[in-house]
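As structure tokens, the structure follows; a few thoughts come after it.
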Amino acid sequence: MLHDGGTLANKHKFQAIGIQFLDPQWRKNHVVSIGFTASAVNTDSIVSEMLQAVFKERTGLEFQETVSSMMQDRCALGVSNQCDIEEEACLMHDGDKLGRSAVGALTRSRNKIVVNPFPEGVDLMSRAHKMGTFFSYSQQRRQHFQDVCATIGDIPVVGIQLDLSTTRVASSHQLLFSIRVIAAFVCIQCYQN
């Protein structure tokens, strides 16, 4: 079983629930979504009960007799323990959370007070996004960007990739990676002056 909790832009919380299995001949791996269920409270025991109920309702099978392991975000490993089945942590989330923390997009709070603010990272990403938007807005601006790359010399011309996805740090990484040419140009200009 696979599950992951998420909060939508309207602040409503949901659990995405799926099952993964091999066909009887072991030729194909199947992943099937069986639920996108509202979940205002996401404690280990409540999510465990929800997963078991959704599984039984959608498949007609007994959870304990059918499910052998569970894949989830590392912070939800307690759900597997509540279900008394093998746990696996999704490693994708670890890198994503590290990256989001590194740019100030992921903060932790206690009693609704942010304990690890990083406004400089948020400002950097805002400026990078604005720069990316500027150079991708029109053909004239894209040409200007290519001219900047040509001025530098042996740095390859890359297209600026805007960070349109707000759910994964990979989009932020691609934005920063794609504008490195501009940063190099600015550094060279500052050094020469």
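Quote the FRET efficiency, to the nearest 0.05, computed for Q20 versus S101 with a Förster distance R0 of 35 Å and r equal to the Cβ-Cβ distance.
That pair, Q20 with S101, gives E of 0.75.
Determine, from the Cβ-Cβ distance of L8 and A150 and an R0 of 45 Å, the FRET efficiency 1/(1 + (r/R0)^6), rounded to the nearest 0.05.
About 0.55, to the nearest 0.05.
R142 to I46: extension gain in nm, 0.36 nm per residue of separation minus the Cα-Cα distance?
29.4 nm
Between region 1-69 and region 78-140, what's the alpha-carbon centroid distance in Å?
Each part's Cα centre sits 24 Å from the other's.
Mind listing which chymotrypsin sites (Phe, Trp or Tyr not before Pro) in region 1-69 are in a DSSP loop and have 15 or fewer other Cβ atoms within 10 Å?
Sites meeting the loop and neighbour criteria: W26.
The numbers here are math on the coordinates, done by the rules we state, and not lab data. Model, not experiment: these values are computed from the prediction. In this analysis, Cβ positions are derived from the backbone assuming ideal geometry, glycine residues included, and neighbour counts consider all displayed protein chains.
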